[in-house]
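Reading through the structure tokens given below for one structure.
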Amino acid sequence: MGAVAAEGTEAAIGNALRKFWGFEELRPLQEEAIRAGIEGRDSLVVMPTGGGKSLCYQLPPLVAGRTDVVVSPLIALMKDQVDSLRQNGYPAAALHSALDPESMREVELGMTEGRYRLVFAAPERLVAPRFLDWLGRAEIRNFAVDEAHCISHWGHDFRPEYRQLAELKERIPGISLHAFTATATVRVRDDILTQLRLRDPVELIGNFDRPNLVYRVLPRIDAASQTLEVLNRHRGEAAIVYCLSRRDTEDLAASLAARGVRAAHYHAGLDAESRRRTQDQFMAEEIDVVVATVAFGMGIDRSDVRCVIHTALPKSVEHYQQEAGRAGRDGLPAECVLLYSGADAMRLQSLIERSANEGKAAPEVRETSIKLLHQMRNYASSTRCRHAFLVEYFGQRYEKESCGTCDVCLDEVEGVEDGTVTAQKILSCIARTDERFGATHIADILAGAKTARIRQWNHDKLSTYGLLAELPRKSILNLVYQLVDQQLIDRSEGDRPILQLNGRSWEVMREERKVQLQQPRGADRVKRSRSDSESWEGVDRDLFESLRDLRRELATERGVPAYVIFGDATLRELARLKPTTLEDFAQVKGVGEKKLLDLGGGFVAHIQRYCEEHPEGSA
Ligand code: ADP
Ligand code: ZN
């Protein structure tokens, strides 16, 4: 492309960006990705969740004046994107099995007439022979493959339908393919390249750090009360709580609801109707918190999730990055908390072993799963900067010395005052009971509990009975697991594992080895990260809340998710700048031409009224 043409392209990109999205500039890799799209050169774009992948396939057809097709795995995902684009005045449609024949014909007609810039389609629809012919006739030549890791069984979300996309290049010669994913491992990346048969592709790998996320890991003592404590920092804001079992999601959601949190549970065992309802309520801001198994998430595009809590250990760092990454997609500060007990790692490991022993998983799958799990455990039990850990895990360098946005760098992590002495008490309790008991019983003895088993074995006569009575039993149990995690105690395999001492245990007993143990921090120890306070600087909180109400009303009226009206970033900007003319309103980030026309009057009038009623402001 010549220099003049290139300059023309740059201007065209800028115009479209302002007109349809109200954004001023592109993020780092977006420009290259968009150029590949415009030029019809195959590409693979890997960016973390929230990195801004959608724009990379939404913008090229506008500039090139053509219709592109986006392959997307879920109907819900397509619908929300189409709603969102239409609110921006962007001509888009979706073709999926939930459409009635009438609407289907309408979309197909629109496509031949070139009425849309983007059409979303499910992979299986795309490769149906009739549709392929038809794409050829409609002169569609450029295809974006969203969530492209679904094509790889090395990824965490393999979908067989995606495999059929391998044929696309043969069926319609001369097309370009643009793959997008947030999964960064080399194996998945290579798989995408070969499966889709990308030719000389532009490969763009984004920065995997998410600086707006605050990461915390807390020793899990009591999931319900710890979850509530975290959620209290996010009253009225969107949050997702992940649990291991369906039962846990139901119990926890009920206990949160009883404490006044607008929460609902979600798992794959519910019927489609209730799942859909919960998703819709969450998108419409009718509930704030979804307590879910990992079945919840894909297709949830709510960008203002301010908090993601894991009450149990995920299976891998990839899973964690994906799930926690659903927080703060709008770029504003958000918090990711992992409640950790060493018992989780052991439970997951024995699940892996069992499925391997029963022949359900191949030996190499077993090896990989265990390796992935150990790395996740390392994340949870390490006291290194969490941002550095995650970025390096994905093969990138972390340049900053301290992130200022993790519990380690914020200096919140609280050690048990004399870790070594506490460890010695636990170890000697194991020694006194001849290394024949499990973690729960050992914790019971140290807590001075009055259980039948303790009486039966006369363990209330031991010198270690009640030795840690100042701590709650659950805290002691967590400490015991920390020692197992640090390999200062061995734990036998099998259904009723017992704790045993090893060489390192005796080093601790002989004072040859120091031990650090962590205790749960009180809510007062949690610090606000600087970026969190900065993101609220100058924002009139009351105005922000009233703008949220206005947004909710408009969204309900139009039957779209609330964030489709405006994201939180735009609402905060409005509550900071308080534009009272359409001209000023148009300057706000996130206000494009269509939204200016469509929503400007209502929002400006609302802000005017608010300013008259609150002449002092309340920032
Ligand atoms: P991904 O698909 O990579 O998870 P999205 O495409 O949903 O991320 O983008 C995440 C958020 O960032 C969205 O709210 C989007 O509007 C916003 N965004 C994307 N690109 C830009 C940009 N150039 N300037 C400002 N905001 C942007
Ligand atoms: Zn850090």
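The values are calculated or read from the model by the stated rules, or taken from the named source; none is laboratory data. Since this is a predicted model, take the numbers as computed values, not measurements. Because the Cβ atoms are built from the backbone with ideal geometry, glycine has one as well, and the counts that use them run over all protein chains shown. All accessible areas refer to the heavy atoms of the entire protein, side chains included, with ligands and DNA or RNA removed. Shrake-Rupley method; radii C 1.70, N 1.55, O 1.52, S 1.80 Å.
Values for this structure:
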{"quantity": "From the options THR440, THR433, THR422, residue that is under 23 Å from SER505 (Cα atoms) and open to solvent by 30 Å² or more (accessible area, probe 1.4 Å)", "calculated": "THR440"}
{"quantity": "Residues satisfying the stated conditions in the range 549-563, i.e. open to solvent by 10 Å² or more (accessible area, probe 1.4 Å), closer than 18 Å to PHE282 by Cβ and either outside the structural domain of HIS606 (by TED's automatic domain parsing) or in a helix (DSSP H, G or I) (or both)", "calculated": "ASP549, ARG552, GLU553, LEU554, THR556, ARG558, TYR563"}
{"quantity": "Subset of the range 528-548 that is open to solvent by 90 Å² or more (accessible area, probe 1.4 Å) and outside any helix (DSSP H, G or I) - its residue that is farthest from ILE489 (Cα to Cα)", "calculated": "GLU537"}
{"quantity": "The range 118-177: number of residues that are of a type in the set (Phe, Trp, Tyr) and over 30 Å from VAL365 (Cα atoms)", "calculated": "4"}
{"quantity": "Elements of type helices (runs of 4 or more DSSP H) in the range 148-267, at least 1 residues being modelled with pLDDT under 95, closer than 30 Å to ARG525 by Cβ and in the same structural domain as TYR340 (by TED's automatic domain parsing)", "calculated": "223-232"}
{"quantity": "The range 565-602 - residue that is open to solvent by 50 Å² or more (accessible area, probe 1.4 Å) and in contact with an Asp or Glu (Cβ under 8 Å, 6 or more places away or on another chain) and, of those, farthest from GLU613 (Cα to Cα)", "calculated": "LYS589"}
{"quantity": "Breaking point among (1) part of a loop (DSSP other than H, G, I, E, B); (2) free of Cβ contacts under 8 Å to residues at least 60 places away in the same chain; (3) among the β-branched types (Val, Ile, Thr); (4) under 30 Å from VAL230 (Cβ atoms), for THR464", "calculated": "(4)"}
{"quantity": "Residue match in the range 326-347 (condition: open to solvent by 20 Å² or more (accessible area, probe 1.4 Å), away from ligand 2 (no atom under 16 Å from the Cβ), touching a residue at least 24 places away in the same chain (Cβ under 8 Å) and acidic (Asp, Glu))", "calculated": "yes"}
{"quantity": "ASP344 being in a helix (DSSP H, G or I) and within 23 Å of the chain's Cα centre (by Cα)", "calculated": "yes"}
{"quantity": "Of residues in the range 475-512 being surrounded by fewer than 16 Cβ atoms within 10 Å (Cβ to Cβ) and of a type in the set (Lys, Arg), the one farthest from GLN424 (Cα to Cα)", "calculated": "ARG496"}
{"quantity": "All positions within the range 373-413 that are touching a helix residue (DSSP H, G or I) at 6+ places or on another chain (Cβ under 6 Å) and among the acidic types (Asp, Glu)", "calculated": "GLU412"}
{"quantity": "Looking only at the range 462-474, and only at residues there that are small (Gly, Ala, Ser) and open to solvent by 40 Å² or more (accessible area, probe 1.4 Å), the one that is farthest from ARG504 (Cα to Cα)", "calculated": "ALA469"}
{"quantity": "First in the range 364-382 and of a type in the set (A, V, I, L, M, F, W, C), second anywhere and open to solvent by 60 Å² or more (accessible area, probe 1.4 Å), Cβ under 9 Å, 6 or more apart", "calculated": "LEU372/LYS315; LEU373/LYS315; MET376/LYS315"}
{"quantity": "Tally, over the range 387-408, of residues that are among the small types (Gly, Ala, Ser) and either more than 10 Å from ligand 2 (Cβ to nearest atom) or open to solvent by 40 Å² or more (accessible area, probe 1.4 Å) (or both)", "calculated": "2"}
{"quantity": "For ALA268: the one exception among (1) surrounded by fewer than 18 Cβ atoms within 10 Å (Cβ to Cβ); (2) within 21 Å of the chain's Cα centre (by Cα); (3) more than 21 Å from GLY297 (Cα to Cα)", "calculated": "(3)"}
{"quantity": "Matching residues in the range 298-318 - criterion: being surrounded by fewer than 19 Cβ atoms within 10 Å (Cβ to Cβ) and within 14 Å of ligand 1 (Cβ to nearest atom)", "calculated": "MET298, GLY299"}
{"quantity": "Selection count, the range 177-192, where residues are touching a Leu at 6+ places or on another chain (Cβ under 9 Å) and either closer than 17 Å to ALA128 by Cβ or not aromatic (Phe, Trp, Tyr) (or both)", "calculated": "6"}
{"quantity": "Checking ARG384 against (1) more than 16 Å from ligand 2 (Cβ to nearest atom); (2) open to solvent by 10 Å² or more (accessible area, probe 1.4 Å); (3) over 30 Å from LEU550 (Cβ atoms), the condition it does not meet", "calculated": "(1)"}
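Quick grid of which residues meet (1) modelled with pLDDT of 95 or more; (2) in contact with an Asp or Glu (Cβ under 9 Å, 6 or more places away or on another chain):
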| position | (1), (2) |
| --- | --- |
| GLU507 | yes, no |
| GLN516 | no, no |
| PRO520 | no, yes |
| TRP536 | no, no |
